[in-house]
């Protein structure tokens with residue numbers, strides 16, 4: 001497998017976005033490309049106005065994939081996302097009108113402002129890549145990726161995402177404030193939405209699907225597999241954690257580590273591939289004990305990771 005040549009196109013996607021459009025957002029961009037290569041979904045949690053929506057728009061622009069946006073509010077209905085049947089008087093029957101979920105990349109903006117009933121409408125789409133509406137199952141396009149954003153849970157008008165839905169996100173990350181000098185440059189330059197709208201796609205949907213097969217073929221050694229398994233087991237016996245990582249989380253970590261290696265031009269997973277992406281893939285899945293003072297899932301997971309020895313190769 002000529003992996004470096006095949007991975008070059010997706011490395012270029014990341015470099016183009018981070019250097020020409022979204023400086024200072026390298027980590028969230030890298031994680032977004034990894035989610036795309038694995039066929040997973042990404043949840044970005046941060047304060048409003050830091051560029052979460054812009055990242056999703058840029059990812060769609062550079063890949064040429066169709067894009068749908070849902071602005072989540074407390075009165076949003078499941079049918080506003082999935083679509084519904086409308087009676088056609090001229091033809092005398094109901095016809096299905098697809099909702100924004102029928103796009104390759106679907107932005108769920110401020111997902112935790114939607115009511116839990118509406119949030120749950122996404123479970124089938126995220127897991128099965130299909131939606132069932134009025135008893136009829138409709139397949140979703142391939143590639144399909146949910147890019148969800150949420151505000152910090154202590155802001156007014158937000159609802160906590162259930163653990164079952166959090167577990168459907170391959171990656172959860174944030175953006176943070178840009179460095180001072182970079183922020184001054186961003187302020188001086190203004191918005192970039194118009195530039196993003198005229199982006200030239202660098203990869204096609206066929207290349208994305210082919211790359212996903214290449215990622216699955218990346219070699220995962222028994223030593224790295226044992227490292228991932230030991231990490232999962234350690235979360236299940238930690239005194240601060242009520243519910244540790246599931247088997248799904250372990251599978252997702254292995255897949256994301258393969259994608260990280262692919263972007264680095266390697267056809268094998270190095271131990272640091274798994275270690276470097278473990279917090280983004282796993283922390284949001286932990287359920288902390290309510291009688292403990294800390295709720296910093298990322299900090300607890302970093303402590304666990306620090307206590308597990310990396311394999312030599």
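The values are calculated or read from the model by the stated rules, or taken from the named source; none is laboratory data. All of these numbers come straight from a predicted model, not from anything done at the bench. Every residue, glycine among them, receives a Cβ derived from its backbone with ideal geometry; neighbour counts consider all protein chains shown.
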Check: Quick one: how many residues across region 183-224 are within 30 Å of residue 306 (Cβ to Cβ) and either touching a residue at least 60 places away in the same chain (Cβ under 8 Å) or surrounded by 16 or more Cβ atoms within 10 Å (Cβ to Cβ) (or both)?
Finding: 6
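Listed here are the residues, each with its yes/no results for (1) surrounded by 20 or more Cβ atoms within 10 Å (Cβ to Cβ); (2) under 19 Å from residue 160 (Cα atoms).
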{"residue": "229", "(1), (2)": "no, no"}
{"residue": "264", "(1), (2)": "no, no"}
{"residue": "271", "(1), (2)": "no, no"}
{"residue": "274", "(1), (2)": "yes, no"}
{"residue": "278", "(1), (2)": "yes, no"}
{"residue": "289", "(1), (2)": "no, yes"}
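Considering 122, 115, which residue is surrounded by 20 or more Cβ atoms within 10 Å (Cβ to Cβ) and either in contact (Cβ under 8 Å) with a residue 24 or more places away in the chain or not assigned by TED's automatic domain parsing to the domain that holds residue 57 (or both)? Outline the logic, then answer.
Numbers: 115 fails: surrounded by 20 or more Cβ atoms within 10 Å (Cβ to Cβ).
Being surrounded by 20 or more Cβ atoms within 10 Å (Cβ to Cβ) and either in contact (Cβ under 8 Å) with a residue 24 or more places away in the chain or not assigned by TED's automatic domain parsing to the domain that holds residue 57 (or both) holds for just one of 122, 115, which is 122.
Does residue 90 satisfy being farther than 21 Å from residue 166 by Cβ, assigned by TED's automatic domain parsing to the domain that holds residue 126 and either in contact (Cβ under 8 Å) with a residue 12 or more places away in the chain or surrounded by fewer than 18 Cβ atoms within 10 Å (Cβ to Cβ) (or both)? If you could, list the steps in order and put the result at the bottom.
Working: farther than 21 Å from residue 166 by Cβ: yes; assigned by TED's automatic domain parsing to the domain that holds residue 126: yes; either in contact (Cβ under 8 Å) with a residue 12 or more places away in the chain or surrounded by fewer than 18 Cβ atoms within 10 Å (Cβ to Cβ) (or both): yes.
Judged against the criteria, residue 90 is a match.
Determine, yes or no, whether residue 5 is closer than 19 Å to residue 204 by Cβ and at pLDDT 80 or above.
Values: closer than 19 Å to residue 204 by Cβ: yes; at pLDDT 80 or above: no.
Judged against the criteria, residue 5 is not a match.
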Notebook entry, point to check: Being under 24 Å from residue 48 (Cβ atoms) and free of Cβ contacts under 8 Å to residues at least 12 places away in the same chain, is that true of even one residue in region 156-168?
Noted result: yes
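Would it be correct to say that residue 152 is modelled with pLDDT of 90 or more and in the same structural domain as residue 106 (by TED's automatic domain parsing)?
On the way: modelled with pLDDT of 90 or more: no; in the same structural domain as residue 106 (by TED's automatic domain parsing): yes.
In short, no.
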Notebook entry, point to check: Which one is nearest to residue 211 (Cα to Cα) among residues in region 31-54 that are modelled with pLDDT under 90 and out of contact with any strand residue (DSSP E or B) (no Cβ under 7 Å at 6 or more places or on another chain)?
Noted result: 54
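Suppose the filter is under 19 Å from the mean Cα position of the chain (by Cα), in contact (Cβ under 8 Å) with a residue 12 or more places away in the chain, farther than 16 Å from residue 36 by Cα and surrounded by 14 or more Cβ atoms within 10 Å (Cβ to Cβ); does residue 254 pass it?
Working: under 19 Å from the mean Cα position of the chain (by Cα): yes; in contact (Cβ under 8 Å) with a residue 12 or more places away in the chain: yes; farther than 16 Å from residue 36 by Cα: no; surrounded by 14 or more Cβ atoms within 10 Å (Cβ to Cβ): yes.
When the stated conditions are applied, residue 254 does not pass them.
Report whether or not residue 280 is within 25 Å of residue 39 (Cβ to Cβ), touching a residue at least 60 places away in the same chain (Cβ under 8 Å) and touching a strand residue (DSSP E or B) at 6+ places or on another chain (Cβ under 7 Å).
Working: within 25 Å of residue 39 (Cβ to Cβ): yes; touching a residue at least 60 places away in the same chain (Cβ under 8 Å): yes; touching a strand residue (DSSP E or B) at 6+ places or on another chain (Cβ under 7 Å): yes.
Considered against the rule, which asks whether it is within 25 Å of residue 39 (Cβ to Cβ), touching a residue at least 60 places away in the same chain (Cβ under 8 Å) and touching a strand residue (DSSP E or B) at 6+ places or on another chain (Cβ under 7 Å), residue 280 comes out as yes.
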